[in-house]
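J.: The structure's right below; bear with me while I get my questions together.
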Amino acid sequence: MSKEPLSQYYYSHRLKLHFWDWGNKGKPNLILLHGGMDHARSWDRIAEAFVDDFRVLAPDLRGHGDSSWAYGGMYNIAEYVLDLSALVDIVNEFPIYFIGHSLGAAIVLQYAGVYPERVEKVVAIEGITPPPWIEAPIPAHRRLKDWIDAMRDMERRVPRRYPDLEAACKRMQEVNPFLSPEMARHLTLFGSNWNPDGTLVWKFDNYVRAFPPYNINMDDAREIWNQITCPVLLFRGLDSWTEDPYKEGRIQAIKNHRLINVPKAGHWVHHDQPAIFIEETRKFFGS
C-alpha cells in the first residue's frame, strides 16, 4: 500500500482490542469490519481505494488478529456489536460509513439498526444469510448440548501448525480458491504467528468456531434491520454458499437496500472481484 496504517488499541468489555487507522483526519469516517476467522489487514486493498476520501479504520474483532481473546471463549453477536460501539465512541464524529464482510456485515447491520442516527451508509458483503447450520430448527436442549460438546472439544484441541509460510498460504488458497497467490500470501502474513520452532499458527482463537446456543435469532435480526434508516448496499457472490436473500424474504426487512449479485465470486466478493466491488461501492458512497 502507498500508506501504512497506524496500529492502535482500545478497550471494550475488559478486553484490549486492536485496530488499524489509515488516518486522513477531517474526512468522513469509514469503518471496515472483517469476517470470522479473518483479520483487519484483509481490507488493505479496499482501504487504499478509499483512503483519499475517508478516514479509514479497521478493527480486529475480539478473538481475531491482534485483539484479545474473550475470557472463557464465548463469542456472541451482541458482544461484537458492543465492541464496535466502543470504537465508534472513540471516533465520535458522525455520521459514519461502514463496510462489513460476513460476520462483520452482520455486526454492522445490527449496529445500524440500534444506532440509526449515527450511520450514513452501509455496505454489507454476504451478511444477510447465515450458515445453514445456524438456522436449522434444533430444539433448545439439543443446541445447548451441542454447544457444550463443541466447547469441550475445543479444550482438547491443539491449533494446527504449518511447517512454513508456503504451507500456510496453500491452506489459505484451499479454503478460498478464488484468491490470487499474492492476496493469499498477504492474508497469511498478517493472519498468522510464528512459533519458536519456526512453524506457523493462525492468529484467531479456535473458540470463535463454536456458535453460542442462545445467539441472536433471525426474528430478532429482522426486527433490528427494520430500524435501519440509511441506504444499504448488499453484495452476494454467485459462487458462494449463501442463498439468494430474496428467496426467504428476510432482506425485505431492510427498507432502503439494493442487492448486487457478483459473478465469478465466492464468499469473499471484495477479494474475488475487487474492481467491481470498489466501483459499485464508490458510486454508492457518492450518490
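The values are calculated or read from the model by the stated rules, or taken from the named source; none is laboratory data. In this text the structure is predicted, and so the values were computed from the model without any measurement. Cβ sites come from the backbone with ideal geometry, for glycine too, and all protein chains shown count toward neighbours.
J.: Under 8 Å between Cβ atoms, which residue pairs at least 6 apart in sequence (or on different chains) link something in the range 207-220 that is touching a residue at least 60 places away in the same chain (Cβ under 8 Å) and closer than 11 Å to Trp147 by Cβ with a partner that is crowded, with 16+ Cβ neighbours inside 10 Å and β-branched (Val, Ile, Thr)?
T.: Hits for this filter: Asn215/Ile77.
J.: May I pose another question? Could you grab me the full set of residues in the range 94-136 that are touching a Lys or Arg at 6+ places or on another chain (Cβ under 8 Å) and surrounded by fewer than 20 Cβ atoms within 10 Å (Cβ to Cβ)?
T.: The answer is Phe94, Pro95.
J.: For the range 85-105, check the following and say yes or no: at least one residue is among the aromatic types (Phe, Trp, Tyr) and closer than 21 Å to Phe235 by Cβ. Spell out the reasoning first.
T.: Kept after step one, since they are among the aromatic types (Phe, Trp, Tyr), are these residues of the range 85-105: 94, 97-98.
In the following step, the residues that additionally are closer than 21 Å to Phe235 by Cβ were identified as 97-98.
Yes, there is a match, as at least one residue in the range 85-105 is among the aromatic types (Phe, Trp, Tyr) and closer than 21 Å to Phe235 by Cβ.
J.: Ok, one more. Is it the case that the range 244-257 has a residue that's closer than 23 Å to Asp44 by Cβ, in contact with a Leu (Cβ under 7 Å, 6 or more places away or on another chain) and without any contact (Cβ under 8 Å) to a residue 60 or more places away in the chain? Quick ask: steps written out before the conclusion?
T.: Here is the first cut: in the range 244-257, the residues closer than 23 Å to Asp44 by Cβ are none.
Scanning the range 244-257, I find no residue that is closer than 23 Å to Asp44 by Cβ, in contact with a Leu (Cβ under 7 Å, 6 or more places away or on another chain) and without any contact (Cβ under 8 Å) to a residue 60 or more places away in the chain, so the answer is no.
J.: Further, regarding this structure: Which residue out of Leu17, Leu6, Leu109 is in contact with a strand residue (DSSP E or B) (Cβ under 9 Å, 6 or more places away or on another chain) and without any contact (Cβ under 8 Å) to a residue 24 or more places away in the chain? Full working, then the answer.
T.: Numbers: Leu17 fails: without any contact (Cβ under 8 Å) to a residue 24 or more places away in the chain; Leu109 fails: without any contact (Cβ under 8 Å) to a residue 24 or more places away in the chain.
Result: Leu6 is the single residue among Leu17, Leu6, Leu109 that is in contact with a strand residue (DSSP E or B) (Cβ under 9 Å, 6 or more places away or on another chain) and without any contact (Cβ under 8 Å) to a residue 24 or more places away in the chain.
J.: Additional query: Which residue is nearest to the chain's Cα centre (by Cα), if the candidates are limited to the range 211-250 and must be surrounded by fewer than 19 Cβ atoms within 10 Å (Cβ to Cβ) and within 30 Å of Leu165 (Cβ to Cβ)?
T.: By that ranking, first place goes to Trp241.
J.: Given the structure, is Lys145 assigned to a helix (DSSP H, G or I), touching a helix residue (DSSP H, G or I) at 6+ places or on another chain (Cβ under 9 Å), of a type outside the set (A, V, I, L, M, F, W, C) and surrounded by fewer than 20 Cβ atoms within 10 Å (Cβ to Cβ)?
T.: no
J.: Quick check: is even one residue across the range 93-107 hydroxyl-bearing (Ser, Thr, Tyr) and under 17 Å from the mean Cα position of the chain (by Cα)?
T.: Taking the range 93-107 first, the residues hydroxyl-bearing (Ser, Thr, Tyr) are 97, 102.
Still in the list and also under 17 Å from the mean Cα position of the chain (by Cα): 97, 102.
The answer is yes; a qualifying residue exists.
J.: If you don't mind, another one. May I ask you to verify whether Thr188 is touching a Cys at 6+ places or on another chain (Cβ under 9 Å) and among the β-branched types (Val, Ile, Thr)?
T.: It is true that Thr188 is touching a Cys at 6+ places or on another chain (Cβ under 9 Å) and among the β-branched types (Val, Ile, Thr).
J.: Let me ask something else. Residues that are at pLDDT 95 or above and in contact with a helix residue (DSSP H, G or I) (Cβ under 8 Å, 6 or more places away or on another chain): which helices (runs of 4 or more DSSP H) entirely in the range 222-287 hold 1 or more of them?
T.: Counting at least 1 such residues, we get 269-272, 274-286.
J.: Just the residues that are exposed (fewer than 13 other Cβ atoms within 10 Å of the Cβ), among the basic types (Lys, Arg) and within 22 Å of Ala112 (Cβ to Cβ), please, taken from the range 251-268.
T.: Hit for the range 251-268 is Arg258, nothing else.
J.: Let me ask something else about it. Give the range 76-93 a look and list any residue that's touching a residue at least 60 places away in the same chain (Cβ under 8 Å), under 22 Å from Pro28 (Cα atoms) and not in a helix (DSSP H, G or I), or say none.
T.: Selection gives Glu93 alone.
J.: Count, please, the residues in the range 168-206 that happen to be without any contact (Cβ under 8 Å) to a residue 24 or more places away in the chain and part of a helix (DSSP H, G or I).
T.: Count: 12.
J.: Right, here's the next one. Mind telling me which of the residues Ile138, Ile128 ends up being free of Cβ contacts under 8 Å to residues at least 24 places away in the same chain, in a loop (DSSP other than H, G, I, E, B) and of a type in the set (Val, Ile, Thr)?
T.: Ile138
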